[in-house]
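Novice: Dropping a structure here in structure tokens format, bear with me for questions.
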Amino acid sequence: MPKLNENYLNLKESYLFAEIAHRVDAFTKANPDKKVIRLGIGDVTLPLGEKVITALHEGVDCMASSETFKGYGPEKGYEMVRNSVVEYYERNGVSIDADEVFISDGAKSDTGNITELFDKDNVILVPDPVYPVYVDTNIMDGKNVTYINANAENNFLPMPDPNQHVDVIYMCSPNNPTGAAYNHEQLKVWVDYALANDAVILYDSAYECFITDPTLPRSIFAIEGAKECAIEFCSLSKTAGFTGTRCGYTVVPHDLKFTASTGAEMSLNAMWTRRQTTKFNGVSYIVQAGAAAVFTEEGMEECKENIRYYQENAKIIADCLAKKGIRYFGGVNSPYIWFECPNNMESWTFFDYLLNNAYVVGTPGAGFGNNGKNYFRLTGFGNRENTIEAMKRFDELF
Ligand SMILES: *Cc1c(COP(=O)(O)O)cnc(C)c1O
């Protein structure tokens, strides 16, 4: 009998979305005449832009003749795409090297797989509430995580404790689920802390494209010193609607080097190159052709149009909460609106209340951690008409 990876026994049952589906299903069966509106989704809904679609078609056509056929691609991704990522950073005032960019099939796999580069004996810091991937991948690996509280007192933007030493720090800004985004000064404190502690920041910037405030950094590498202490994960999922198409990119700076117990120097860029070339054979040429189109001027304009649509939805939700005097976070610089459940309700109680009385579905904060138990997440990813209708019902309810 094989001895199995019993770390899997330590995973908490992930019942959040199954439980939501179950409760919504029961409600619709009992109330077939009620129109249920779903504002809990963390997935985009608008179709890909025309430029991307054309590029994807051209990618397919390349595969149809021996002159243009593509087999295995370059290990870190096609140069054309990596250069486009470099130029994208440049437009945001950040300079990186194409050799530091790794094209991936999305940020979830990379944020999950990166744990392989770190030993069990690290102090690994994750915020609570959190995107569950960071926690579960460490548990699968037999690693323990330490939580840092994100709450209303710190505006869901926890800051490091100078008296606590940690080795690996997970950050996500703008944040899923809270919508909170760090400013330059706050990120500088984190970078300085990481440098002082010889720690690594694993920075998830999957929602950078939602930042509208020009003073907010869109990359951790906008902060001085970050190249010596941070890896950044990004994705075309939310930027370009690629959740079903699959493409992302991870930036691992050359300056990210540490000394091994043997005294040898270890480069995280070299380690990640070795890891990816051993276990990953790249993103399909067709998808990379589509990804390259995202970064063109016209492609980016199409993406921005969709992002503006989601941002406007988020604003409609946020405006309604503001009008009701309900305390919320996010809603700007993020598709997520994270708010205190009215009347101090528990998040699952509020879920049922909202479903039964307004026929609106959201996500209970308890699903993201203990600090979410009195909070609720709505998103701007729905359609306009439904978002307006849902908030009209919400308005009438409270
Ligand atoms: C949506 C999301 C991503 C993107 O994941 P992909 O695998 O690229 O689709 C990454 N991080 C967070 C926190 C997300 O919510």
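Novice: Could you go through segment 41-57 and let me know if any residue there is surrounded by fewer than 12 Cβ atoms within 10 Å (Cβ to Cβ), aliphatic (A, V, I, L, M) and at pLDDT 95 or above.
Specialist: No, segment 41-57 has no match at all.
Novice: ILE223 fails exactly one of the following numbered conditions: (1) more than 23 Å from ASN83 (Cα to Cα); (2) β-branched (Val, Ile, Thr); (3) under 21 Å from the mean Cα position of the chain (by Cα). What is the number of that condition?
Specialist: The one condition ILE223 does not meet is (1).
Novice: Here are the criteria: (1) more than 9 Å from the ligand (Cβ to nearest atom); (2) of a type in the set (Ser, Thr, Tyr); (3) not in a loop (DSSP other than H, G, I, E, B). Tell me which single one SER237 does not satisfy.
Specialist: For SER237, the exception is condition (1).
Novice: Could you tell me whether LEU195 is in contact with a Cys (Cβ under 6 Å, 6 or more places away or on another chain) and within 11 Å of the ligand (Cβ to nearest atom)?
Specialist: When the stated conditions are applied, LEU195 does not pass them.
Novice: Looking at this structure, is PHE351 out of contact with any Phe, Trp or Tyr (no Cβ under 7 Å at 6 or more places or on another chain) and closer than 27 Å to ASN154 by Cβ?
Specialist: Yes; evaluated as a whole, the condition is true for this residue.
Novice: Would you mind telling me which numbered condition in (1) on the phi < 0 side of the Ramachandran plot; (2) within 16 Å of the ligand (Cβ to nearest atom); (3) surrounded by 14 or more Cβ atoms within 10 Å (Cβ to Cβ) GLY244 fails?
Specialist: Unmet condition: (3).
Novice: Here's a follow-up. Which condition does LYS29 not pass, out of (1) part of a helix (DSSP H, G or I); (2) touching a Leu at 6+ places or on another chain (Cβ under 9 Å), if it passes all the others?
Specialist: Unmet for LYS29, out of (1) part of a helix (DSSP H, G or I); (2) touching a Leu at 6+ places or on another chain (Cβ under 9 Å): (2).
Novice: Starting from residues that are within 29 Å of ILE41 (Cβ to Cβ) and either acidic (Asp, Glu) or more than 16 Å from the ligand (Cβ to nearest atom) (or both), keep the ones in segment 198-231 and report whichever is surrounded by the fewest Cβ atoms within 10 Å (Cβ to Cβ).
Specialist: Checked segment 198-231; the qualifying residue surrounded by the fewest Cβ atoms within 10 Å (Cβ to Cβ) is PRO214.
Novice: While we're here: Starting from segment 172-191, take each residue that is under 19 Å from TYR131 (Cα atoms) and of a type outside the set (Lys, Arg) and list its partners that are within 16 Å of the ligand (Cβ to nearest atom) and in a helix (DSSP H, G or I), counting only C-beta distances under 6 angstrom and pairs at least six apart or across chains.
Specialist: Here the result reads PRO174/PHE210; PRO177/PHE368, each pair linking segment 172-191 to a residue that is within 16 Å of the ligand (Cβ to nearest atom) and in a helix (DSSP H, G or I).
Novice: Still on this structure, I have one more. Looking at (1) farther than 23 Å from LEU236 by Cα; (2) surrounded by 14 or more Cβ atoms within 10 Å (Cβ to Cβ); (3) not basic (Lys, Arg), find the lone condition where ASN10 falls short.
Specialist: Exception for ASN10: condition (2).
The values are calculated or read from the model by the stated rules, or taken from the named source; none is laboratory data. Note that the coordinates shown come from a computational prediction; the quantities given were computed from them, not determined experimentally. Using ideal geometry, Cβ is built from the backbone for each residue, glycine included, and neighbour counts are taken over all protein chains shown.
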